[in-house]
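Enquirer: Let me give you the structure first, and then I'll get to my questions.
The values are calculated or read from the model by the stated rules, or taken from the named source; none is laboratory data. As the structure is a prediction and not an experimental result, all values here were calculated from the model. Quick reminder, even Gly has a Cβ in these numbers, built from the backbone with ideal geometry, and neighbours come from all protein chains shown. Accessible surface areas use protein heavy atoms only, side chains included; no ligands, DNA or RNA. Shrake-Rupley method; radii C 1.70, N 1.55, O 1.52, S 1.80 Å.
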Amino acid sequence: MAEIFTDKKVKEIKKIYLWEPWFFLFFGLFHLHRIWALFDRESYASFWMGIMENKGIAYFGIMGILAALCVLGIVTFIKNRKSNYWWRWIYIFGGSYVLFDLFAIATGMKFWSRLLQMMFDTNSAYWNFIWLFFIFLGGCVFVLGVRLLRSIKMEEN
């Protein structure tokens, strides 16, 4: 006998959207590319500082994709606020941070520009710590994306 769901029960059923694993896979790869910073500090710093300072098509393309994904994640969190998975909190905290970062870079906030200059200082004693942190974060997020992809595949079977 089929169970009859009330509207409230239907709304509380958890669902992983097809785009969600790809969100985490993308952000994971985006952070994992920072392995480059460990092998060639100068070219890594030069590349990203050039992207941020020139604000050309590459800048707006990358920033547009990142902003759109963050907004999509935040909207998904809010839309599913009564039946969220634990990992959707990443949309709120990570997405808010990324959106602030993009805003601060786009508007040229002085304190943020100084922070970025310090982060991309190739002579910094903290260089490896900073970029290893982002690499570790990227690895965790990438693994989460793989796990979500596997969950979707298992739900389909």
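Enquirer: Restricting to DSSP loop positions (anything but H, G, I, E, B) with no more than 15 other Cβ atoms inside 10 Å of their own Cβ, which chymotrypsin sites (Phe, Trp or Tyr not before Pro) remain in region 16-67?
Expert: Taking region 16-67 and a limit of 15 other Cβ atoms within 10 Å, the loop chymotrypsin sites (Phe, Trp or Tyr not before Pro) found are TYR17, TRP19.
Enquirer: Follow-up. How much net charge surrounds PHE24 when only the other residues with a Cβ under 13 Å from the Cβ of PHE24 are counted, with Lys and Arg +1 and Asp and Glu -1?
Expert: +2
Enquirer: What number comes out for the charge environment of ARG150, summing +1 per Lys or Arg and -1 per Asp or Glu over other residues with Cβ under 13 Å away? Present the calculation step by step, with values, prior to reporting the outcome.
Expert: On the way: positive: ARG147, LYS153; negative: GLU20, GLU155, GLU156.
Here the count lands on -1.
Enquirer: For the chain, take the longest principal axis of its alpha carbons; what is the angle in degrees between that and the long axis of helix 89-107, to the nearest 10 within 0 to 90?
Expert: Relative to the chain, helix 89-107 is tipped by roughly 40 degrees.
Enquirer: Of all accessible surface on the chain at a 1.4 Å probe, what whole percent is carbon and sulfur? Before the final figure, lay out the partial values.
Expert: On the way: 7070 of 10290 Å².
Looking at the chain in its full context, I get 69 percent from C and S.
Enquirer: Which sequence of MET49, MET109 reflects their accessible areas, 1.4 Å probe, from the largest down?
Expert: I get MET109, MET49, largest accessible area first.
Enquirer: Give me a comma-separated list of calculated 3J(HN,Hα) values for region 128-142, in order, Karplus coefficients 6.51, -1.76, 1.60 applied at θ = phi - 60°, integers in Hz, x for any Gly or Pro.
Expert: Ordered by residue, 3J(HN,Hα) equals 5, 4, 4, 6, 5, 4, 5, 5, 4, 4, x, x, 5, 5, 4 Hz.
Enquirer: In nm, give the distance between the simple-model label positions of ILE65 and ILE51, each being 7 Å from the Cα along the Cα-to-Cβ direction.
Expert: 0.9
Enquirer: May I pose another question? Please compute the contact order of region 3-152 in relative form: average sequence separation of alpha-carbon pairs under 8 Å and at least six residues apart, divided by the residue count, as a percent.
Expert: Reported relative contact order: 50 percent.
Enquirer: Could you give the accessible area per residue of region 44-98, probe 1.4 Å, as a whole number in Å²?
Expert: Accessible surface, normalised per residue, equals 56 Å².
Enquirer: OK, next. Counting pairs of alpha carbon atoms under 8 Å apart in space and at least six apart in sequence, what relative contact order in percent does region 68-157 give?
Expert: So the answer I get is 17 percent.
Enquirer: Using the beta-carbon distance between ALA106 and TRP22 and R0 = 25 Å, what value does 1/(1 + (r/R0)^6) give for FRET efficiency, to the nearest 0.05?
Expert: With R0 = 25 Å, the Cβ-Cβ based efficiency is 0.50.
Enquirer: Related question: Match the structure shown to one of the listed values [x] 8.2; [y] 14.0; [z] 11.4 of mean projected area of the Cα convex hull in nm², computed from it, and give that label.
Expert: [z]
Enquirer: Give the Cα extents of region 79-157 along the principal axes, in whole Å, largest first.
Expert: Extents along the principal axes, in whole Å: 52, 28, 16.
Enquirer: Compute the acute angle (0 to 90°) between the alpha-carbon long axis of helix 110-119 and the principal axis of greatest extent of the alpha-carbon atoms of the chain; round to the nearest 10°.
Expert: Orientation of helix 110-119: about 80 degrees from the principal axis.
Enquirer: Let me spell out the model: positive unit charges on the Cβ of Lys and Arg, negative unit charges on the Cβ of Asp and Glu, origin at the Cα centre of the chain. What dipole size does that give, in debye rounded to 20?
Expert: 540
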